[in-house]
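K.L.:
Below is a structure I'd like to ask you about.
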Amino acid sequence: MEEITLQTPAKINLSLDVTGKRKDGYHNLETIMQSISLYDSVTVRKCGSGLSLQCDSPNVPHDSGNIAWKAAEAFFSEYPGTGGARIVLEKKIPVSAGLAGGSADAAGVLKALNKLFGEPFNEVKLVDIARKIGADVPFCLRGGTALARGIGDELVILPDFAGIRVVVVKPPFPVSTAWAYKNLDLNALGERPDTLTLIAAIEEMDILTLAQGMRNVLESVVVKAHGEIGVIIGEFMELGALGSRMSGSGSAVFGLFDNVELADKAFERFHEKYSDVFYAETIGREVEQNG
């Protein structure tokens, strides 16, 4: 086997709470992450030596500034003297959107390299490598539904919350994650999620309770600067979504639906105004898309 192509899914945050600031400057989180059927394509080819990266999007780095490149470097640093890789990314997940597109690509590179080189690492070791690359990479490596703590890298796997219709809207501006956390006021987070109630709703596949209980405290800072995000959330609710929230630090907003006609209508309505609108569904860990 010399080449592997994987379809790497985006994630949304069904809830996001910030529980404090750490001594290292990062924030402690408590967030429920969920994989959805919006994919990048990651192709990794085994080479004798060196790294190269090609991408169809001009909005991402094509060199060591790309987190997928960093993932390959991290793999080879743990498994030295083994060779190199050529990475090709086909992007569908928008960047700077809070959908973990870069982290998904990095996770795909780790999985592909591990397979190409005879699976030298088990999942526990791969997650350990992933943790050094970026906070969302461990989740993207595992996928499905999970509670994440710490900086988002300490995972508790939850039952699959699969098959829920999701419409995602990415407005035409990015949001910097670093900016969002830098400007976050821990004394003015607004309404915070009841994480235990949300986990119970996931366990019982109670879509309505989950959707109505979704909260993202980063909206307290991001929506003030980008009011359009709040408008999109309101439009989702008017269009019949069971719940709507910003994903991660934005700028993407998603709505959950249990009615196909309402989901179709919302997709069409948003597509009249925005170019980046996606119709997807929540997926479980067992769904690993191979090209």
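K.L.:
Of these, L53, L16, L29, L89, which one is buried (at least 20 other Cβ atoms within 10 Å of the Cβ) and modelled with pLDDT under 95? Lay out the reasoning, then the answer.
P.N.:
Working: L53 fails: modelled with pLDDT under 95; L16 fails: modelled with pLDDT under 95; L89 fails: modelled with pLDDT under 95.
Unique residue meeting the criteria: L29.
K.L.:
Which of the numbered conditions does V60 fail, given that it passes all the others? Conditions: (1) in a loop (DSSP other than H, G, I, E, B); (2) out of contact with any Pro (no Cβ under 9 Å at 6 or more places or on another chain); (3) within 18 Å of G143 (Cα to Cα).
P.N.:
Among (1) in a loop (DSSP other than H, G, I, E, B); (2) out of contact with any Pro (no Cβ under 9 Å at 6 or more places or on another chain); (3) within 18 Å of G143 (Cα to Cα), the lone unmet condition for V60 is (3).
K.L.:
Next question. Considering each residue of region 56-86, count those that are among the small types (G, A, S) and surrounded by fewer than 19 Cβ atoms within 10 Å (Cβ to Cβ), and give that number. Explain how you work it out, then say what you get.
P.N.:
Keep residues of region 56-86 that are among the small types (G, A, S), which gives 57, 64-65, 68, 71-72, 74, 77, 81, 83-85.
Within this subset, residues satisfying the condition of being surrounded by fewer than 19 Cβ atoms within 10 Å (Cβ to Cβ) are 57, 64-65, 77, 81, 83-84.
Residues meeting the conditions: 7.
K.L.:
Mind listing whichever residues of region 130-153 are of a type in the set (A, V, I, L, M, F, W, C) and surrounded by fewer than 24 Cβ atoms within 10 Å (Cβ to Cβ)?
P.N.:
In the first step, residues of region 130-153 are kept if they are of a type in the set (A, V, I, L, M, F, W, C); the result is 130, 133, 135, 137, 139-141, 146-148, 151.
Across region 130-153, the qualifying residues are A135, A146, L147, A148, I151.
K.L.:
Answer yes or no as to whether S251 is assigned to a strand (DSSP E or B) and either touching a helix residue (DSSP H, G or I) at 6+ places or on another chain (Cβ under 7 Å) or closer than 18 Å to D40 by Cα (or both).
P.N.:
no
K.L.:
Now, a different point. Could you list, in sequence order, the residues of region 175-200 that are free of Cβ contacts under 8 Å to residues at least 12 places away in the same chain and charged (D, E, K, R)?
P.N.:
The one that is free of Cβ contacts under 8 Å to residues at least 12 places away in the same chain and charged (D, E, K, R): K182.
K.L.:
If you check every pair at least six apart or on different chains, which have Cβ atoms under 7 Å apart with a residue in region 157-174 that is touching a residue at least 60 places away in the same chain (Cβ under 8 Å) first and a residue that is basic (K, R) second?
P.N.:
I157/R142; D160/R285
K.L.:
Inspect region 205-224 for any residue being in a loop (DSSP other than H, G, I, E, B), more than 14 Å from I12 (Cβ to Cβ) and acidic (D, E) and give the result as yes or no.
P.N.:
yes
K.L.:
Between a first residue in region 129-156 that is more than 21 Å from M205 (Cβ to Cβ) and a second residue that is surrounded by fewer than 21 Cβ atoms within 10 Å (Cβ to Cβ) and of a type in the set (S, T, N, Q), which pairs have beta carbons less than 9 Å apart while being 6 or more apart in sequence or on different chains?
P.N.:
Pairs that qualify, where the first residue is more than 21 Å from M205 (Cβ to Cβ) and the partner is surrounded by fewer than 21 Cβ atoms within 10 Å (Cβ to Cβ) and of a type in the set (S, T, N, Q), are I129/S77; R149/T19; R149/N28; G150/N28; I151/N28.
K.L.:
On to the next question. Cβ contacts < 9 Å: first residue farther than 12 Å from A266 by Cα, restricted to region 232-248; second residue among the charged types (D, E, K, R) and buried (at least 24 other Cβ atoms within 10 Å of the Cβ), any location; separation 6+ or different chain. Result?
P.N.:
The qualifying pairs are S247/K11; G248/K11; G248/D136.
K.L.:
Report yes if some residue within region 5-16 is closer than 28 Å to L198 by Cα and over 16 Å from the mean Cα position of the chain (by Cα); otherwise report no.
P.N.:
There is no residue in region 5-16 that is closer than 28 Å to L198 by Cα and over 16 Å from the mean Cα position of the chain (by Cα).
K.L.:
Still on this structure, I have one more. Of the residues L16, L53, which single one is assigned by TED's automatic domain parsing to the domain that holds L113, of a type in the set (A, V, I, L, M), in a strand (DSSP E or B) and over 29 Å from T282 (Cα atoms)?
P.N.:
Going through L16, L53 in turn, the sole match is L53.
K.L.:
OK, next. Would you tally the residues in region 218-239 being of a type outside the set (D, E, K, R), out of contact with any Pro (no Cβ under 8 Å at 6 or more places or on another chain) and closer than 24 Å to Y26 by Cβ?
P.N.:
Residues that pass the stated criteria total 6.
K.L.:
Oh, and also: Condition first: outside the structural domain of A97 (by TED's automatic domain parsing), at pLDDT 95 or above and not in a helix (DSSP H, G or I). Can you find one or more residues in region 193-201 that meet it?
P.N.:
Our first condition is that a residue be outside the structural domain of A97 (by TED's automatic domain parsing); within region 193-201, this holds for 193-201.
Filter again for at pLDDT 95 or above, leaving 193-201.
Subsequent filtering for residues that are not in a helix (DSSP H, G or I) retains 193-194.
Yes, that holds for at least one residue.
The values are calculated or read from the model by the stated rules, or taken from the named source; none is laboratory data. Here the structure is a predicted model, which is why all the values come from computation and not from measurement. Positions of Cβ are generated from backbone atoms using ideal geometry, with glycine treated the same way; all protein chains shown enter the neighbour counts.
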